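Peer 1: The structure is given below, and queries will be raised subsequently.
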Amino acid sequence: MATLTPPSIETDEPASTHPTPSAGPKWAGALAGLTAGGAALAVGELAGATAAPKPGPVIAVSNRVINNAPEWFVDFGKSVFGLNDKIALIIGTVILSMIFAAVLGVLSVKRFAIGAGGIAAFGVIGFLAIGTDVQGGWGYGLIVSLVSVLAGISVLGLLLYRIPRAAPLAATPPSRTAPANPVPVATPEVERRTFLAWVATAAASVGALAFGARQLRSGAAVEEARSSVELQPLEGSEAIEAAVRTAEASDVAATPGISTVITPNDEFYLIDTATLTPQVDPANWSLTIKGMVDREVTYTYDDLLERSTTIAPVTLSCVSNSVGGNLVGNAIWQGVPLSELLEEAGVQEGGTQIKSESVDGWNCGFPTEAAFDGRTALVAVGMNGEPLPVDHGFPARLVVSGLYGYVSATKWLKEIVVTTWEDFDGFWIPRGWSKSGPVKTQSRIDVPRANTAIEPGLTAIGGVAWAPNTGITKVEVQVDEEPWIEATLGESLGVNAWRQWSTSWDFEPGTHRIRVRATDATGNTQTEVRTEPAPDGASGWHSIAIRA
Ligand SMILES: Nc1nc2c(c(=O)[nH]1)N[C@H]1C(S)=C(S)[C@@H](COP(=O)(O)O)O[C@H]1N2
Ligand SMILES: [Mo]
């Protein structure tokens, strides 16, 4: 009787290339397991790092072990790794986990459930360790373990799905008469390469995640160190605070929408080349002054904190700020005068340039003169009464009034080198920016906002103007082609700080142009000639259009 059973398949290979009991060499299983284990750990650590200082799975497990292990075990760890016991234990935990994961991977080639179950068991250990940790917690532990287990099982499944076959296709004797197989069949070599490519991709992602986790964690640690810093209470600060209060209480400051006298730290513009904000632990940081000096000097963070008795409002501006732009801010900086530190090092004859470098290798330079000509030039540790925010250069940065940031304001400062003007060009100089970077006098209209509609009638016009080192003495405003009118200036915080200005105008219905120009204390009025920011800062009058 004819049978309905399909014709038997003549190869011992299944039609699909999915993992089957017989498929996959041990080495491939081990690799899949290792990668999956790595993924589980990295994802768990990343999830944990977002809640730092709560411990991630590795630390939590290490803590459990260190709290419960016999002494001989801890000693063994120390003798093997020659490191402190905690680090040895962390490394040990990771290595043990990896061995376990590799074994699981080998077993999973036969039965995926073994691998999945093993990773889940792993997760339970992590969960218990985090749950019982003094800094951990059960809810947090559950989330971290769940995402970690999910990541591990997914990666294991993904890789096992692509595992190369253990037995080459040639196990089926080639038939001489059969036509060439029309379906392209992956050769073992191709399969092996594909699998390795998947492993490599997954491993690279694991590396990136682990790096991200480490970065997040060190960020949290540095933020913690920063929040425990106490700046010197200063006598001079009271006078400045009083001046700020007066300025903020003035009619000009009351103009709705005008920039504040002091730019709050979290609103202060941010510019740097760092892809990852440097996380500098002040305990392991110091500032060295070297180069053309009589003696090399080094200062710890505490040295600088103790000596940071100078406080000054300084408007910092980026050379890339276009006319009317917002890459400018006014803060009160607290620090040590650069001249003091340079004098201790003893600048030698001919040392005409102050080069400074950050922990992440960015650098810049300005004339030595700027440190000694009486302007505010600080190694700053404080910004608006707080330790420097991490983004703004914690633990220390340079602030030099009257110079754009790109030639002077090194954040995460590490080193100051006295050199000659000719011998060194800062980071931005070969990239098309001028070697000298004095700040150009500028003024900006904050309100009304450009390209908005206002009610016809009497309307406040206001903004800020700055001419660091010189000070602003006059701001004028022009509406359409009407005569220029002089604005009222806000209270001055000193020559280095921007100054608010305001006036008002009775607008007829229709579109209008408003322009502003400032005059500094030397009598120079801003040039009308518009230039681009490159190479040495934008010039020209800020001009806006509005509709009444
Ligand atoms: N380490 C480092 N410091 C740096 C920079 C940088 O890229 N790296 N950029 C400079 C530039 S161009 C400017 S305008 C100021 C900006 O400082 P802020 O981000 O605190 O506003 O920092 C300066 N200091
Ligand atoms: Mo800048």
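The values are calculated or read from the model by the stated rules, or taken from the named source; none is laboratory data. Model, not experiment: these values are computed from the prediction. Heads up, the Cβs are rebuilt from the backbone with ideal geometry, glycines too, and the neighbour counts pull from every protein chain shown.
Peer 1: Only one of these is surrounded by fewer than 20 Cβ atoms within 10 Å (Cβ to Cβ), in contact with an Asp or Glu (Cβ under 9 Å, 6 or more places away or on another chain), at pLDDT 95 or above and within 17 Å of Thr246 (Cα to Cα): Thr488, Thr473. Name it.
Peer 2: That would be Thr488, the only listed residue that is surrounded by fewer than 20 Cβ atoms within 10 Å (Cβ to Cβ), in contact with an Asp or Glu (Cβ under 9 Å, 6 or more places away or on another chain), at pLDDT 95 or above and within 17 Å of Thr246 (Cα to Cα).
Peer 1: Right, another one. Out of Ser443, Ser408, which single residue is among the hydroxyl-bearing types (Ser, Thr, Tyr) and within 16 Å of ligand 1 (Cβ to nearest atom)? If you could, list the steps in order and put the result at the bottom.
Peer 2: On the way: Ser443 fails: within 16 Å of ligand 1 (Cβ to nearest atom).
Sole residue among the options that is among the hydroxyl-bearing types (Ser, Thr, Tyr) and within 16 Å of ligand 1 (Cβ to nearest atom): Ser408.
Peer 1: Same structure, new question: Could you please tell me which pairs satisfy a Cβ distance under 8 Å, a separation of 6+ or placement on different chains, a first residue in region 274-285 that is within 13 Å of Lys414 (Cβ to Cβ), and a second residue that is of a type in the set (S, T, N, Q) and within 13 Å of ligand 1 (Cβ to nearest atom)?
Peer 2: Short answer, once both residue conditions are applied: Pro278/Ser358.
Peer 1: Further question: Tell me the helices (runs of 4 or more DSSP H) entirely within region 272-389 that contain at least 1 residues that are under 26 Å from the mean Cα position of the chain (by Cα) and surrounded by fewer than 20 Cβ atoms within 10 Å (Cβ to Cβ).
Peer 2: Result: 301-307.
Peer 1: Here's a follow-up. Identify all residues within region 411-420 that are farther than 15 Å from Leu338 by Cα and either more than 8 Å from ligand 1 (Cβ to nearest atom) or without any contact (Cβ under 8 Å) to a residue 40 or more places away in the chain (or both); write none if there are none.
Peer 2: Residues satisfying the conditions are Thr419, Thr420.
Peer 1: From the list Ala253, Ala283, which one is in the same structural domain as Glu349 (by TED's automatic domain parsing) and at negative phi?
Peer 2: Ala283
Peer 1: A further question on this structure: Inspect all residues belonging to region 397-420 and state whether any of them is surrounded by fewer than 18 Cβ atoms within 10 Å (Cβ to Cβ) and either assigned to a strand (DSSP E or B) or of a type outside the set (Lys, Arg) (or both).
Peer 2: Looking for residues that are surrounded by fewer than 18 Cβ atoms within 10 Å (Cβ to Cβ) and either assigned to a strand (DSSP E or B) or of a type outside the set (Lys, Arg) (or both), one finds at least one in region 397-420, hence yes.
Peer 1: Any idea which of Trp505, Trp498 is touching an Asp or Glu at 6+ places or on another chain (Cβ under 9 Å) and among the aromatic types (Phe, Trp, Tyr)?
Peer 2: Going through Trp505, Trp498 in turn, just one is touching an Asp or Glu at 6+ places or on another chain (Cβ under 9 Å) and among the aromatic types (Phe, Trp, Tyr): Trp505.
Peer 1: Among Val261, Val297, which is the only one that is closer than 30 Å to Asp446 by Cα, in contact with a helix residue (DSSP H, G or I) (Cβ under 8 Å, 6 or more places away or on another chain), at pLDDT 95 or above and of a type outside the set (Gly, Ala, Ser)?
Peer 2: Result: Val261 is the single residue among Val261, Val297 that is closer than 30 Å to Asp446 by Cα, in contact with a helix residue (DSSP H, G or I) (Cβ under 8 Å, 6 or more places away or on another chain), at pLDDT 95 or above and of a type outside the set (Gly, Ala, Ser).
Residue by residue, here is whether (1) of a type in the set (D, E, K, R); (2) within 16 Å of ligand 2 (Cβ to nearest atom); (3) under 30 Å from Glu528 (Cβ atoms) holds:
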| site | (1), (2), (3) |
| --- | --- |
| Thr273 | no, yes, no |
| Asp302 | yes, no, no |
| Leu327 | no, yes, yes |
| Gly335 | no, no, no |
| Gly361 | no, no, no |
| Pro367 | no, no, yes |
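Peer 1: List pairs: first in region 526-548 and touching a residue at least 40 places away in the same chain (Cβ under 8 Å), second among the aromatic types (Phe, Trp, Tyr), Cβ under 6 Å, 6+ apart or cross-chain?
Peer 2: Note: pairs meeting the criteria are Pro535/Trp433; Ala548/Phe507.
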